[in-house]
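Heads up, the thing below is written out as structure tokens.
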Amino acid sequence: MIEITEVSSPFCGIGTDDLTIKVDGLSLKVIENGCAVNTPAFEQPITDTSARVDGKEVSLEIAITKAAELLRDTKLPVIGGCATDVNGMRCLLALADRCGAVVDNMNFTGARNNFLALQDSGWMNTTLAEVKNRCDLLLVVGTDLEAFAPRFFERYVWNKEAMFVEDTSQRSVIYLGKAPSGQASTSPNGQKAQVLECATDDLPEVLAVLRALVKGSQIRATSVCGLAVADLQMLADQLKAAKYGVVTWAAGALAFAHAELTVQKLSEMIKDINDLNTRCSGLPLAGKEGDQTANQVCGWTTGYPARTRFSRGYPEYDPFLNETSVLLASGEADALVWVQAFNVNAVPPETTLPTIVVGRSGMTFAKEPTVFIPVGTPGIDHAGHAFRMDNVVAIRLKKLRDSGLPSTAEVLNTIEQALQVK
Amino acid sequence: MLIKLTGCTVYDPASGVDGKLQDIYIRDGRIVAKPTEAVVDKEYDLKGKVVMSGAIDMHTHIGGGKGNIARTLLPEDHRQDPVHRSDITRSGCGHAMPSTFVTGYRYAEMGYTAGFEPAMLPVNARQAHMEMADIPILDKGGYVMLGSDDYLLRMLTAKKDQKAINDYVAWTMHSAKAIGVKVVNPGGINAFKFNQRKLDLDEQNCYYGVTPRDILQVLATAVKEIGVTHPLHVHGCNLGVPGNVQTTLDTIQGIGGLPMHLTHIQFHSYGTEGDFKFSSGAAQIAEAINKNKNITIDVGQILFGQTVTASGDNMRQHANHKFASPNKWVTMDIECDAGCGVVPFKYKDKNFVNALQWAIGLETFLLVDDPWRIFLTTDHPNGAPFTSYPHLIRLLMDRSFRNEVLSTIHPEAQKMTTLASIEREYTLQEIAIMTRAGAAKLIGLKDRGGLSAGNWADITVYTDNNDRQKMFEKPDYVFKDGQLVVVDGKVVSTKWGTTHVVRPDFDPSVEKGLKDYFDRYMTMKLGNFKISNDEITEDGRGSISVHPLKGDVA
């Protein structure tokens with residue numbers, strides 16, 4: 001039995017790297033700095049150690065041969081999930097390039113709200129250490145932040161010391177849209193977050209008014225979607241008065257049509273504030289289970305985020321047409337590869353197509369896939385790298401135990417090699 | 001396996017060879033002296049061919065977060081230049097900010113065998129190395145960025161001595177796996193976080209009270225004292241601001257004879273004369289360079305067309321966002337470490353400012369006497385994508401071509417440049433110095449950038465052609481570590497290059513202060529921040545090459 005300290009997590013997206021984990025053979029126990037997201041993800045037991053073809057246990061070699069066979073004559077295989085580490089994504093993209101597949105990260109439909117805004121007008125963003133040391137006002141838009149990342153406030157808002165904020169407990173925390181589900185946003189001295197509550201799909205209208213107010217436009221209406229314009233005016237004034245305001249949102253939580261316009265509105269509002277003689281930055285929340293990793297690696301390998309097809313011999317990005325569910329529904333796809341090394345509950349979508357699952361040990365299926373290859377989890381069973389929510393920081397993932405499970409990279413690379421042999 | 005390249009016309013400034021007829025022998029990846037009895041396994045008849053060592057781009061943004069933001073920002077640019085996969089090469093995209101694989105192929109196809117990322121943030125170094133690990137064929141390395149990091153500024157405010165700063169700089173180079181140190185808008189990226197929008201050489205950071213001049217002084221001293229060959233790599237204050245020629249001259253004067261490399265100096269050579277209050281400061285800059293032997297520069301030439309600017313200088317990039325074309329842009333404050341700004345640009349020959357920028361870069365090339373102290377760059381992708389180098393070489397080597405292009409740019413810009421009267425044409429040997437021997441010497445690369453026995457066999461073979469653009473865009477052969485990787489300007493095989501680093505000594509007790517700082521203020525544990533050797537080598541493709549420090553016995 002050993003205790004491993006300073007363990008970093010690929011699960012929560014905010015780059016916690018102070019976990020202490022007790023390793024007893026194959027079983028893990030988070031004994032320090034766990035949370036509702038990380039603890040179960042680390043402690044998930046290994047159940048499957050053997051690959052299966054058509055539900056029958058087979059050797060890894062046979063499963064890989066079968067997978068290659070299934071992919072060999074496909075016209076448009078879809079590689080979904082895309083939830084793994086940097087090396088896993090490298091091999092996934094090499095395989096996709098070789099067999100003309102579509103690559104689609106399972107969280108892309110949420111992330112698309114950000115990408116469309118970024119690719120249309122850009123943004124001014126910041127990262128977690130800047131938040132921790134500089135932020136004097138945090139505006140949380142449409143997102144239950146503590147449910148998303150339980151330790152966000154503890155680590156980055158109510159930190160004891162900050163280089164440029166004298167008393168962190170005096171920081172303003174304001175929610176717009178969804179109210180917080182717990183008390184994490186309440187400051188150590190008991191100050192509760194200010195909440196301007198409205199329905200999530202009213203955010204476009206509310207934010208349009210907020211941006212107008214930031215720009216100094218007159219609004220005749222006295223209320224918008226149940227919120228008093230005077231309260232929004234106060235928020236606009238707070239944003240302009242803050243020295244280093246930070247606006248955060250989870251793109252996936254903005255679950256309404258054309259939420260990219262809302263992200264754009266927010267991002268343009270942030271730019272406006274920076275032209276009003278102060279600083280303000282965006283902080284998009286993401287980074288769970290390899291979503292940021294998938295987009296980063298696909299970004300440098302192809303130029304595009306992880307919803308890209310290789311079917312014409314070169315990468316083509318389309319944030320709508322390359323969606324897994326669209327390709328399954330239209331009948332265009334002729335095989336599904338599902339790669340998910342982090343989360344046993346993130347199972348492939350239902351399909352009648354031949355399906356290869358390269359998944360975390362412990363996954364259970366309503367319908368047994370043609371091939372199932374259990375793989376190790378990056379940061380538990382093998383070392384690796386993952387990108388944090390703020391994109392610029394790649395965290396080093398440690399190997400915690402010797403499970404003998406292969407990595408995603410090893411499995412996908414071997415399938416790709418098998419495809420080279422005609 | 002012994003390879004013989006027979007009858008080469010060799011341009012090897014590292015050995016003082018200028019157009020001499022020679023045979024070159026290659027064994028086990030290296031150039032060897034003529035063996036006495038061995039059998040030649042493979043011979044290439046290179047009679048009449050121009051042979052140089054593989055070219056080295058000493059300043060090119062090929063790895064790290066801002067480049068990937070630039071990629072993500074510009075899908076429409078990639079769609080103009082899709083790159084198909086082949087049996088031996090991966091698919092990807094080209095033009096302004098190519099995908100990693102295409103970066104490697106296209107550099108190699110122009111005869112380049114190494115590229116150095118000049119703006120590697122300590123906290124983003126991991127990403128920079130991972131991206132560069134996916135660039136095939138090329139060797140690579142990075143200059144780690146300091147100067148706006150709160151740790152250094154706190155040290156300066158606390159009046160820590162030079163020894164302590166040296167230890168921190170050396171530790172950072174180890175941690176980030178760097179071969180040089182860069183400073184970008186010294187202290188300015190930090191000042192922007194405190195809402196300062198400009199920072200002159202002697203202007204104080206409003207929180208720390210430290211000036212850019214102070215930062216340049218301690219960092220240039222540190223780099224020298226810890227024995228790093230590559231001088232402090234400086235992206236100065238006031239990038240792009242009319243009148244910044246004076247800032248640049250003051251920066252040269254202020255460094256007091258310490259070794260210093262001023263990068264993309266074209267963007268820092270602007271006067272305020274003329275009807276448009278924008279003029280060339282190239283002559284003054286060149287005069288200062290010629291006089292001050294401690295200074296080296298690269299040009300950061302702009303060439304006309306669409307590109308994207310990606311810089312650590314978020315202060316200046318924010319100020320320049322109004323010129324974004326297409327109109328979208330990104331800035332980031334990063335981890336109490338640095339920042340970045342990404343702004344797409346379209347340089348137009350009929351735009352007065354852009355036309356004069358073009359002329360200023362060329363004036364600089366042509367007015368600086370010593371090719372060992374000036375380097376050929378476009379600051380890829382900021383002035384233009386690296387794929388425009390053959391065109392740039394023709395502009396330097398062919399006066400009539402240069403004047404032809406000059407006659408087509410904005411007429412007022414033509415009046416504001418002395419370019420038409422400059423007769424100089426670069427020679428092949430001078431090009432070889434700028435892009436090979438000089439670059440290797442400046443970075444401190446052992447066994448690269450030369451063709452004498454003992455060097456790694458990075459070799460480029462060209463067919464002489466009066467059209468220098470045609471000549472340099474399509475080498476006959478390129479060898480990387482002795483492996484034939486390009487024939488007739490096309491990749492025929494691929495391999496993985498190495499990562500070049502230096503490892504200056506530091507007092508291990510430096511980590512005491514750092515650990516305390518990381519525990520209190522950072523978002524990562526110190527142990528998780530440091531990049532291990534395994535991270536470069538564990539995938540079986542990467543390797544690390546450690547180069548000597550100054551004063552090391554070779």
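Among the conditions (1) in contact with a Phe, Trp or Tyr (Cβ under 6 Å, 6 or more places away or on another chain); (2) within 14 Å of chain B (Cβ to nearest Cβ); (3) closer than 25 Å to A:Phe256 by Cβ, A:Val140 misses just one, which is (2). Scanning the stretch B:392-411 for residues that are assigned to a helix (DSSP H, G or I) and open to solvent by 60 Å² or more (accessible area, probe 1.4 Å) yields B:Arg399, B:Ser400, B:Glu404, B:Pro411.
Screening the stretch A:174-293 for strands (runs of 3 or more DSSP E) wholly inside it with 3 or more residues that are buried (at least 19 other Cβ atoms within 10 Å of the Cβ) and in contact with a strand residue (DSSP E or B) (Cβ under 7 Å, 6 or more places away or on another chain) returns the ranges A:244-250, A:279-285. Applying the criterion of being polar (S, T, N, Q) and open to solvent by less than 20 Å² (accessible area, probe 1.4 Å) to the residues of the stretch A:390-422, the residue that is farthest from the other protein chains (Cβ to nearest Cβ) is A:Thr408.
Being within 13 Å of another protein chain (Cβ to nearest Cβ), outside any loop (DSSP other than H, G, I, E, B) and open to solvent by 10 Å² or more (accessible area, probe 1.4 Å) holds for only one residue in B:Tyr168, B:Tyr151, and it is B:Tyr151.
Residues in the stretch B:321-347 that are part of a loop (DSSP other than H, G, I, E, B) and surrounded by 24 or more Cβ atoms within 10 Å (Cβ to Cβ) were compared, and the one that is nearest to the chain's Cα centre (by Cα) is B:Asp337. The lone criterion from (1) more than 9 Å from every other protein chain (Cβ to nearest Cβ); (2) open to solvent by 20 Å² or more (accessible area, probe 1.4 Å); (3) without any contact (Cβ under 8 Å) to a residue 60 or more places away in the chain left unmet by B:Glu117 is number (2).
Restricting attention to the stretch A:105-137 and to residues that are of a type in the set (Phe, Trp, Tyr) and within 11 Å of chain B (Cβ to nearest Cβ), the residue that is farthest from A:Thr324 (Cα to Cα) turns out to be A:Trp123.
Is it the case that some residue within the stretch B:474-492 is in a helix (DSSP H, G or I) and either away from chain A (no Cβ under 12 Å) or within 27 Å of the chain's Cα centre (by Cα) (or both)? For the stretch B:474-492, residues in a helix (DSSP H, G or I) and either away from chain A (no Cβ under 12 Å) or within 27 Å of the chain's Cα centre (by Cα) (or both): absent. On inspection, B:Asn195 fails the criterion of being free of Cβ contacts under 8 Å to residues at least 60 places away in the same chain and either among the acidic types (Asp, Glu) or open to solvent by less than 10 Å² (accessible area, probe 1.4 Å) (or both). If I filter the stretch A:192-210 for residues that are acidic (Asp, Glu), touching a Gly at 6+ places or on another chain (Cβ under 6 Å) and more than 22 Å from A:Asp275 (Cα to Cα), do I get at least one hit? There is no residue in the stretch A:192-210 that is acidic (Asp, Glu), touching a Gly at 6+ places or on another chain (Cβ under 6 Å) and more than 22 Å from A:Asp275 (Cα to Cα).
Residues that are touching a helix residue (DSSP H, G or I) at 6+ places or on another chain (Cβ under 7 Å) and closer than 26 Å to B:Val228 by Cα within the stretch B:417-435 comprise B:Glu430, B:Ile431, B:Ala432, B:Ile433, B:Met434, listed in sequence order.
Of all the criteria given as (1) open to solvent by 30 Å² or more (accessible area, probe 1.4 Å); (2) under 24 Å from B:Arg126 (Cβ atoms); (3) more than 8 Å from chain B (Cβ to nearest Cβ), the one not satisfied by A:Asn87 is (3).
Looking at B:Tyr426, B:Tyr389 in this structure, which one is among the aromatic types (Phe, Trp, Tyr), open to solvent by less than 20 Å² (accessible area, probe 1.4 Å) and in a helix (DSSP H, G or I)?
Values: B:Tyr426 fails: in a helix (DSSP H, G or I).
Within the list B:Tyr426, B:Tyr389, the selection yields B:Tyr389.
Just checking: which of the strands (runs of 3 or more DSSP E) contained wholly in the stretch A:311-422 hold 2 or more residues that are within 15 Å of A:Ile79 (Cα to Cα)? Where strands (runs of 3 or more DSSP E) fall fully within the stretch A:311-422 and carry at least 2 residues being within 15 Å of A:Ile79 (Cα to Cα), they are A:335-340, A:355-360, A:371-375. Evaluating B:Thr36 against the criteria (1) more than 9 Å from every other protein chain (Cβ to nearest Cβ); (2) part of a loop (DSSP other than H, G, I, E, B); (3) open to solvent by less than 10 Å² (accessible area, probe 1.4 Å) leaves one unmet condition, (3).
Give the residues of the stretch A:1-45 that are open to solvent by 10 Å² or more (accessible area, probe 1.4 Å), in a loop (DSSP other than H, G, I, E, B) and away from chain B (no Cβ under 14 Å), sorted by residue number. Selection gives A:Met1, A:Gly25, A:Leu26, A:Gly34, A:Cys35, A:Ala36, A:Val37, A:Gln44, A:Pro45.
Rundown of residues vs (1) closer than 25 Å to B:Asp476 by Cβ; (2) open to solvent by less than 10 Å² (accessible area, probe 1.4 Å); (3) facing chain A (nearest Cβ under 8 Å), yes/no style:
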| residue | (1), (2), (3) |
| --- | --- |
| B:Tyr44 | yes, no, no |
| B:Val51 | yes, yes, no |
| B:Gly54 | yes, yes, no |
| B:Lys66 | no, no, no |
| B:Glu76 | no, no, no |
| B:Gln80 | no, no, no |
| B:Val83 | yes, no, yes |
| B:His95 | no, no, no |
| B:Ala108 | yes, yes, no |
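Select from the stretch B:273-320 the residues that are more than 27 Å from B:Ser148 (Cβ to Cβ) and of a type in the set (S, T, N, Q) and write down the one among them that is surrounded by the most Cβ atoms within 10 Å (Cβ to Cβ). Among residues in the stretch B:273-320 that are more than 27 Å from B:Ser148 (Cβ to Cβ) and of a type in the set (S, T, N, Q), the one surrounded by the most Cβ atoms within 10 Å (Cβ to Cβ) is B:Ser280.
When A:Gly80 is tested against (1) within 14 Å of another protein chain (Cβ to nearest Cβ); (2) closer than 17 Å to A:Lys288 by Cα, only condition (1) is not met.
Checked across the stretch B:318-325, the condition of being aliphatic (A, V, I, L, M), within 27 Å of B:Gln80 (Cβ to Cβ) and free of Cβ contacts under 8 Å to residues at least 24 places away in the same chain holds for at least one residue.
Only one of the numbered conditions (1) more than 14 Å from chain B (Cβ to nearest Cβ); (2) touching a Cys at 6+ places or on another chain (Cβ under 9 Å); (3) under 28 Å from A:Pro378 (Cα atoms); (4) not β-branched (Val, Ile, Thr) is violated by A:Ala306, and that is (1). Looking only at residues in the stretch A:143-177 that are over 17 Å from the mean Cα position of the chain (by Cα) and among the aliphatic types (A, V, I, L, M), the one that is nearest to the other protein chains (Cβ to nearest Cβ) is A:Met163. Hey, can you tell me all the residues within the stretch B:514-534 that are in contact with a helix residue (DSSP H, G or I) (Cβ under 7 Å, 6 or more places away or on another chain), within 7 Å of chain A (Cβ to nearest Cβ) and outside any loop (DSSP other than H, G, I, E, B)? Across the stretch B:514-534, the qualifying residue is only B:Tyr521. Please go through the stretch B:334-381 and pick out each residue that is among the hydroxyl-bearing types (Ser, Thr, Tyr) and over 22 Å from B:Glu425 (Cβ atoms). Answer for the stretch B:334-381, where residues must be among the hydroxyl-bearing types (Ser, Thr, Tyr) and over 22 Å from B:Glu425 (Cβ atoms): just B:Tyr347. Could we say that B:Val501 is in contact (Cβ under 8 Å) with a residue 24 or more places away in the chain, in a strand (DSSP E or B) and over 26 Å from B:Asp149 (Cα atoms) here? Criteria not met by B:Val501.
The values are calculated or read from the model by the stated rules, or taken from the named source; none is laboratory data. Because the structure is a prediction, the values reported are computed rather than measured. Glycine gets a Cβ as well: all are built from the backbone with ideal geometry, and neighbour counts include every protein chain shown. Surface areas here come from the heavy atoms of the whole protein model, side chains and all, with no ligands, DNA or RNA. Shrake-Rupley method; radii C 1.70, N 1.55, O 1.52, S 1.80 Å.
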